[in-house]
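Reviewing the structure listed below.
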Amino acid sequence: MKTIKQQKKYFSLLKNSVKDWRFWIKSLIGLTQISSVVIFLTVSVIFEHNWYIIPEHLSYFTTLSNLFCGIFFIYSAIFHYAEGNSKFDNSEVAKIVITYITLTVLLYNLNQLMTVNPYFFDDWKYLMSFICEHSLVPILAIIYCLFFYNHKNSATIKEFNKKWVWYMVLGLVIYLLFFSVIGLLAKIFKWKPLFGTIDGSGDASTFVYPFMDWYHGVGFFKYLPSWFECIVMLTATFIVAIGFDYFYTFIIIKVNAINQKILLGNQYKKNNVAIK
């Protein structure tokens with residue numbers, strides 16, 4: 001329990017935080033992402049009586065990564081005064097968040113491009129989800145973390161803790177392994193398939209994503225077995241994720257260097273004015 005003194009100190013810091021535009025941007029990003037997921041599920045269940053949408057929607061990496069991103073930004077807004085300097089709000093976690101959300105943007109929009117009948121303009125729920133979870137808001141989150149987040153001052157990529165890269169990969173491994181096993185078990189025991197196929201044919205699948213389907217795969221490689229195609233696609237996912245992690249680290253370091261030069265330049269000007 002926080003003491004009265006600690007509570008007063010927190011509310012004093014929070015009062016100062018709300019004066020910073022970055023507090024409101026983080027709050028907007030976090031609340032928009034989480035609200036979009038909640039509204040989508042609520043409307044589907046209450047008005048369309050589609051209860052299966054809950055396990056389906058909450059199984060997608062795109063949905064889970066948006067919830068993760070939303071929670072991170074809300075937490076960062078609540079403790080805005082300590083941005084970049086806490087256990088759950090630091091440069092490494094921020095990079096994992098934007099790497100995951102980058103995969104979400106790529107996966108979702110690639111899926112839409114490959115679908116015969118893209119549906120996100122036909123239903124307001126999917127249009128909301130597209131804007132808030134798969135395009136505009138996630139891109140805003142990435143831009144904020146790269147250019148406006150309070151990253152620690154790291155001169156080289158080596159100074160970033162590399163074990164966090166493997167934490168990011170571990171998160172992907174756990175997700176893909178868990179839902180691959182669930183998909184296989186559902187296939188074996190003939191559970192009700194919940195997921196649509198990438199070609200928009202309307203056929204249902206027990207696998208969250210086609211590239212996780214060891215039976216049919218995506219169909220990119222006509223003359224290769226599906227299990228081999230799955231291995232290729234999963235390997236490519238890991239390579240892309242690690243690549244973006246290092247790419248974002250490189251950008252953060254460059255932005256930090258520019259900010260340091262600007263800060264030193266401003267201090268130099270102030271010192272010259274004081275001397276005069």
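For the pair S12 and A257, a Förster radius of 35 Å applied to the C-beta separation gives a FRET efficiency near 0.60, rounded to the nearest 0.05.
Report, in listed order, any pair from K19/K95; K15/K95; K95/K163 with a Cα-Cα distance greater than 19 Å. Write out the running numbers ahead of the final one.
Numbers: K19/K95 26 Å; K15/K95 28 Å; K95/K163 13 Å.
Those over the limit are K19/K95; K15/K95.
Working from label points 7 Å from Cα in the Cα-to-Cβ sense, the D20 to A236 distance is 4.1 nm. Considering the zone a paramagnetic label at S135 would reach in this model (a point 7 Å from Cα along the Cα-to-Cβ line), which residues of the range 40-56 have amide N under 18 Å from it? Counting only backbone N, you get 40.
Amide hydrogen proximity for S205: with H placed 1.01 Å from N in the peptide plane, the residues at 5 or more positions away or on another chain lying under 5 Å are L194, F195, G196.
Between F228 and Y167, the FRET efficiency from the beta-carbon distance, with R0 = 30 Å, is close to 0.60.
Throughout, read-outs are computed from the coordinates displayed, never taken from laboratory work. Fair warning: this is a prediction, and the values are worked out from it, not measured in the lab. Cβ atoms come from the backbone with ideal geometry, glycine included; neighbour counts cover every protein chain shown.
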